[in-house]
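Q: Before anything else, here's the structure in question.
The values are calculated or read from the model by the stated rules, or taken from the named source; none is laboratory data. Keep in mind the model is a prediction, meaning the values are calculated, not measured. A quick note on method: Cβ atoms are made from the backbone with ideal geometry, for glycine too, and the neighbour counts reach across all protein chains shown.
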Amino acid sequence: MSQTWRFYNYLTVNDYIEATVSQISIMTFIGISDSVKTISLQRKNSAGQVVSDPINDKSILLSKNYGLICLPKFDEFSSFQRFFYISGKTNPDAGTALPTFQDIYNFPVGDEFHTIYCQLTSLYQRTTISKIRVVTGKETYASPDSIKYTYYECKSIYKDFFALDTTIIENTSGTTGEMIRFNEFDNAGMA
């Protein structure tokens, strides 16, 4: 036990979050008992000394058979520490049942999606893609393993070339389609 590693490095200061496996025990959660690792978190400075922070003494809980049962919201970790707890797997009596892929990808006509994707492709280029999609059509099949959506899509691609001090903006709009095959999600694929 007592394995320790750097869990997170802060970008603006030389502080980091140290994670330590502090305990392994049988724990009961959502009506299930399992072996759980408790991973304690501490903020430290570059000299390895503990720095006062709300994250100190918070823990991640990792179940042997059910995965993460308590984890931080990773995308806001550096500025806001919020932790989430498992509320159910497939046992509705013990908590909320997980949605199926069919539940997640069940959009009615008229639903609107706004997405922004930003990628730093090199030290010299940043690409930002902004997209608005409105569901205009939905086609289901007798076999419940597939669904097809038609969208009206507006897309803006913004390419910033830092070294050349140049920006390219491309705007497009039109109709596009997407076929979703649920049986391929099990294999981490989507058509």
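Q: Return yes when residue 69 is among the aliphatic types (A, V, I, L, M), modelled with pLDDT of 85 or more and either in the same structural domain as residue 165 (by TED's automatic domain parsing) or more than 30 Å from residue 29 (Cβ to Cβ) (or both) and no when it is not.
A: no
Q: Name the single residue that is surrounded by the fewest Cβ atoms within 10 Å (Cβ to Cβ) among those in the stretch 122-154 being of a type in the set (D, E, K, R) and more than 23 Å from the chain's Cα centre (by Cα).
A: 139
Q: Of (1) assigned to a strand (DSSP E or B); (2) modelled with pLDDT of 90 or more, residue 7 satisfies all except one. Which?
A: (2) is the only condition that residue 7 fails.
Q: Tell me which residues, restricted to the stretch 36-66, are at positive phi and modelled with pLDDT of 90 or more.
A: 48 - this is the single residue of the stretch 36-66 that is at positive phi and modelled with pLDDT of 90 or more.
Q: Do you know which residues across the stretch 4-55 are loosely packed, with under 15 Cβ neighbours inside 10 Å and within 17 Å of residue 83 (Cα to Cα)?
A: Result: 54, single match.
Q: Also, quick follow-up: Going by what's in this entry, would residue 76 be described as among the charged types (D, E, K, R) and at pLDDT below 80?
A: So residue 76 fits the description; yes.
Q: Which of (1) surrounded by fewer than 11 Cβ atoms within 10 Å (Cβ to Cβ); (2) closer than 30 Å to residue 66 by Cα; (3) at pLDDT 85 or above is the odd one out, the single condition residue 186 does not satisfy?
A: (3)
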